[in-house]
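Each remark here refers to the structure printed beneath this line.
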Amino acid sequence: MTLNLVPSQYRNVSVADVPAALEEESLRAYLLGRPVYRRTRYVVARRGGASAVVEVSKESEVPLFSPVVEMSVLARPDETAFVDAPETDTAVPTQLARVAAEQAPGARCVIVRGRYGHVSFILDPAPIRIGVVEVVPPWPPKLADQLSRVLDLAEDLPPVELVPYLVDLDELAATRPASHYLFPCRAGEPTQKRAPVEVSYLDEIPERAPWTLVGCARSRSIHDWFYGGDVPMVDMCPRKLAESDAPPTAMPVITKCCLLEDRVSSEAGLVVVPWGASMAQIREGLRLALSAPGTTPAPGPAAAAADPVPR
């Protein structure tokens, strides 16, 4: 079984109300010899409120229309759901997989009428799961948010399910109790859910105090530059957190590190992007994570877009 079959373009999909029963023999009798548009590869055949998905082969792709010479039913009506999701871009596999999971979790094939009225489908959805190790605040978690934004436009990437592993800076700081903490900047300003403590921010270069630094190797270097001397420290580096406390299930992981300034690294399924990664670097990180050895789709409803037509 091929997981995550998604048409390479929604113009490969034709939607037709048919007078035939939505089963193999009737559809074969109706479609064989019938002219279809030269770009049509799949037919969403509808009758009443039911739908079936059919793959067709044509006599030629040169003329504007050409007769169907072969067909096969990919999904029967009892396996198929038709969903209206007007905010969904049906050219994006991750968006199709999300609709399938949220609105038709029991269907083997989910047909989606989405943005601009375009129709496409995902067959046997099973998204590739990618862990995201990030510290919070800020909210939303920046790395997870960037990854989501890239995936929402990625027509050429397979369906992905992001699995966030968020490390709360309040809770992390509390592993080394102190009356005064120094954080790198206000973007990571703690919510102080515990007993109130004094907080300063390294980028403001405050007057030296007996604080505990909550930061990373770069924060420590900046601290030493301005203040020198020893300082108690809680390491908040997402890369180290990912290495020491990996997600409990096997999956590629993306995280970030400020010691990487202009490149993306990947080793043994751990992808690391710069702390201030550009969207291009985020996309590169996704591609590296998706190519990690042993990467497999999640059980159940998206993985690589299996359509052999290049996307």
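The values are calculated or read from the model by the stated rules, or taken from the named source; none is laboratory data. Remember, it's a predicted structure, so these values are computed and weren't measured experimentally. Because the Cβ atoms are built from the backbone with ideal geometry, glycine has one as well, and the counts that use them run over all protein chains shown. Heavy atoms of the whole protein, side chains included, go into the accessibility calculation; ligands, DNA and RNA do not. Shrake-Rupley method; radii C 1.70, N 1.55, O 1.52, S 1.80 Å.
In this entry, residue 181 passes the filter for residues that are open to solvent by less than 60 Å² (accessible area, probe 1.4 Å) and in a strand (DSSP E or B). Do we find a residue being open to solvent by less than 10 Å² (accessible area, probe 1.4 Å) and closer than 24 Å to residue 130 by Cβ anywhere in segment 76-87? Yes, that holds for at least one residue.
Beta carbons closer than 9 Å, at least 6 apart along the sequence or on distinct chains, pair a first residue in segment 154-178 that is within 30 Å of residue 97 (Cα to Cα) with a second that is open to solvent by 60 Å² or more (accessible area, probe 1.4 Å) and polar (S, T, N, Q) for 155/9; 163/249; 168/191. Answer yes or no as to whether residue 105 is open to solvent by 10 Å² or more (accessible area, probe 1.4 Å), assigned to a strand (DSSP E or B) and at pLDDT 95 or above. No, not satisfied. Name the residues in segment 16-56 that are within 18 Å of residue 77 (Cα to Cα), in a loop (DSSP other than H, G, I, E, B) and either open to solvent by 70 Å² or more (accessible area, probe 1.4 Å) or small (Gly, Ala, Ser) (or both), would you? Listed by number, the residues that qualify are 19, 20, 21, 23, 48, 49.
Could you look through segment 5-15, keep only residues that are modelled with pLDDT of 95 or more, more than 15 Å from residue 67 (Cβ to Cβ) and not β-branched (Val, Ile, Thr), and pick out the one that is surrounded by the fewest Cβ atoms within 10 Å (Cβ to Cβ)? It comes out as 12. When residue 65 is tested against (1) farther than 21 Å from residue 5 by Cβ; (2) open to solvent by less than 50 Å² (accessible area, probe 1.4 Å), only condition (2) is not met.
The set of residues in segment 146-162 being outside any loop (DSSP other than H, G, I, E, B) and surrounded by fewer than 16 Cβ atoms within 10 Å (Cβ to Cβ) consists of 149 alone. Sort out which residues of segment 189-210 are modelled with pLDDT of 95 or more, assigned to a loop (DSSP other than H, G, I, E, B) and not aliphatic (A, V, I, L, M), and write them in order of number. Selection gives 206, 207, 208, 210.
For segment 1-15, how many residues are at negative phi, in contact with a strand residue (DSSP E or B) (Cβ under 9 Å, 6 or more places away or on another chain) and assigned to a loop (DSSP other than H, G, I, E, B)? Residues that pass the stated criteria total 5.
For the condition assigned to a loop (DSSP other than H, G, I, E, B) and surrounded by 15 or more Cβ atoms within 10 Å (Cβ to Cβ), residue 125 qualifies.
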